[in-house]
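A.B. asks: Have a look at this one before I ask anything.
The values are calculated or read from the model by the stated rules, or taken from the named source; none is laboratory data. Nothing here was measured: the structure is a model prediction, and the numbers come from that model. Positions of Cβ are backbone-derived with ideal geometry, glycine not excepted, and every protein chain shown enters the neighbour counts.
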Amino acid sequence: MIPNPADSTILIIDDNADTIRLLSAMVRDQGRVLFATSGAAGVELARQQRPQLILLDVEMHGMDGFAVCDMIRRDSDLRSSAIIFVTAKSTPEAEIACLDAGAVDFIPKPLNSAVVQARVRTHLRLQAALATFDGLANQDGMTGLYNRRYFDRQLAVEFARHRRHQLPLGLALIDVDDFKRFNDRFGHQQGDSCLRQVAEALRDGSRRPGEMAARYGGEEFVILLPNTDAGSLERYGRWLCSRIVALDIPHPTATAAPHVTASIGLCALLPGEQDTPEAMLHAADMALYQAKRAGRNRSVL
Ligand code: GH3
Ligand code: MG
Ligand code: MG
Ligand code: MG
Ligand code: MG
């Protein structure tokens with residue numbers, strides 16, 4: 001999915017109401033415009049709304065533009081918000097200071113409508129291109145699920161959240177059963193199509209907030225389930241197995257059933273349990289191995 005620059009959000013942070021009015025009128029055709037009249041309110045709004053572009057006044061009462069820029073650049077959730085400084089100080093030194101602070105551009109006051117529009121348009125286009133690349137870098141090309149790279153990053157994020165807020169965290173490792181035989185019987189193209197169908201079922205089965213499905217590699221998938229305790233995870237594992245059975249993809253040479261099935265290894269971390277993301281994956285892998293040994297088409301915690 002390619003992001004459209006016109007769907008962008010532009011946040012104006014300025015302590016002067018007249019400047020906000022003027023800037024809003026200039027850029028309102030290019031996206032949804034929000035504003036804040038202080039640095040602190042601006043940072044708060046940026047965290048809530050994740051704007052693609054922030055037009056930031058340098059001289060403000062209280063927290064000035066450089067302090068705001070610094071806070072935003074330190075916030076990993078706001079990595080993809082670009083900052084343009086708006087300032088009357090247009091010496092080369094001032095311009096360099098803005099760029100060195102982490103802004104992508106600099107708009108001089110007094111404001112020229114055509115210049116403001118051209119700069120905003122250019123940066124929204126660049127932001128959309130970056131978002132496209134970011135999406136592609138995190139995606140598995142064949143199934144459209146997230147890839148392992150992205151999964152590993154999200155697991156680290158959720159794991160830290162689990163620690164901080166003392167919430168349970170669940171993980172499911174899913175491996176298609178007897179898939180080598182499936183390829184041998186039907187060929188690789190049918191094999192790929194089977195993996196896409198399984199992936200779609202997994203995506204569909206992980207739509208609650210915070211849940212994510214990824215292709216872990218080959219015919220293995222993984223689902224991250226925040227706030228899921230052991231009991232819910234066991235029910236989820238059984239449900240997921242039945243969803244893959246329900247795809248009803250014929251597999252006459254499989255060992256567990258005459259259609260495609262999967263084995264699932266589960267791992268649930270309770271609040272406060274001292275472990276690591278790697279240990280979670282290892283535990284799920286051990287459980288998966290047991291599910292295979294016990295006859296496949298089942299989940300094991
Ligand atoms: P088990 O039930 O023990 O998991 O048996 P299995 O045959 O599924 O496991 P094994 O690890 O022996 O074989 C996995 C097979 O998955 C072999 C490999 O060629 C196939 N495979 C991995 N990635 C892809 C893919 O992207 N497309 C297709 N068509 N096949 C793939
Ligand atoms: Mg000001
Ligand atoms: Mg495998
Ligand atoms: Mg397999
Ligand atoms: Mg195997």
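The rows are residues; the columns are (1) away from ligand 4 (no atom under 16 Å from the Cβ); (2) closer than 19 Å to A291 by Cα.
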position: P168; (1), (2): yes, no
position: L173; (1), (2): no, yes
position: R185; (1), (2): no, no
position: V198; (1), (2): no, yes
position: N227; (1), (2): yes, no
position: E234; (1), (2): yes, yes
position: I249; (1), (2): no, no
position: A257; (1), (2): no, yes
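A.B. asks: Among the residues of the range 156-169, is any among the polar types (S, T, N, Q) and free of Cβ contacts under 8 Å to residues at least 40 places away in the same chain?
C.D. replies: No: the range 156-169 contains no residue that is among the polar types (S, T, N, Q) and free of Cβ contacts under 8 Å to residues at least 40 places away in the same chain.
A.B. asks: A follow-up question, please. Within the range 56-79, is even one residue touching a strand residue (DSSP E or B) at 6+ places or on another chain (Cβ under 9 Å), touching a residue at least 60 places away in the same chain (Cβ under 8 Å) and of a type outside the set (D, E)?
C.D. replies: Taking every residue of the range 56-79 in turn, none turns out to be touching a strand residue (DSSP E or B) at 6+ places or on another chain (Cβ under 9 Å), touching a residue at least 60 places away in the same chain (Cβ under 8 Å) and of a type outside the set (D, E).
Here is a yes/no grid of residues against (1) touching a helix residue (DSSP H, G or I) at 6+ places or on another chain (Cβ under 9 Å); (2) on the phi > 0 side of the Ramachandran plot:
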site: D15; (1), (2): yes, no
site: V33; (1), (2): yes, no
site: V43; (1), (2): yes, no
site: D57; (1), (2): yes, no
site: G62; (1), (2): yes, yes
site: E93; (1), (2): no, no
site: G102; (1), (2): yes, yes
site: P110; (1), (2): no, no
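A.B. asks: Still on this structure, I have one more. From the set of residues in the range 60-93 that are in contact with an Asp or Glu (Cβ under 6 Å, 6 or more places away or on another chain) and of a type in the set (A, V, I, L, M), which is farthest from L124 (Cα to Cα)?
C.D. replies: Looking at residues that are in contact with an Asp or Glu (Cβ under 6 Å, 6 or more places away or on another chain) and of a type in the set (A, V, I, L, M), I get M60.
A.B. asks: Looking at the structure I just gave you, is L126 without any contact (Cβ under 8 Å) to a residue 24 or more places away in the chain and of a type outside the set (D, E, K, R)?
C.D. replies: No; evaluated as a whole, the condition is false for this residue.
A.B. asks: A further question follows. Pairs, please: C-beta under 8 Å, at least 6 apart or cross-chain, first residue more than 13 Å from L56 (Cβ to Cβ) and in the range 9-32, second away from ligand 1 (no atom under 16 Å from the Cβ) and small (G, A, S)?
C.D. replies: Between residues of the range 9-32 that are more than 13 Å from L56 (Cβ to Cβ) and residues that are away from ligand 1 (no atom under 16 Å from the Cβ) and small (G, A, S), the close pairs are T9/G31; M26/S113; Q30/A6; Q30/S8; G31/A6; G31/S8; R32/S8.
A.B. asks: OK, next. Can you find even one residue in the range 17-29 that is closer than 22 Å to R73 by Cβ and surrounded by fewer than 20 Cβ atoms within 10 Å (Cβ to Cβ)?
C.D. replies: no
A.B. asks: Which of the residues that make up the range 51-100 are surrounded by fewer than 18 Cβ atoms within 10 Å (Cβ to Cβ), outside any loop (DSSP other than H, G, I, E, B) and more than 31 Å from the chain's Cα centre (by Cα)?
C.D. replies: Matches in the range 51-100: P92, E93, A94, E95, I96, A97.
A.B. asks: Determine if the range 114-132 includes at least one residue that is at pLDDT below 95, of a type in the set (A, V, I, L, M) and in a loop (DSSP other than H, G, I, E, B).
C.D. replies: no
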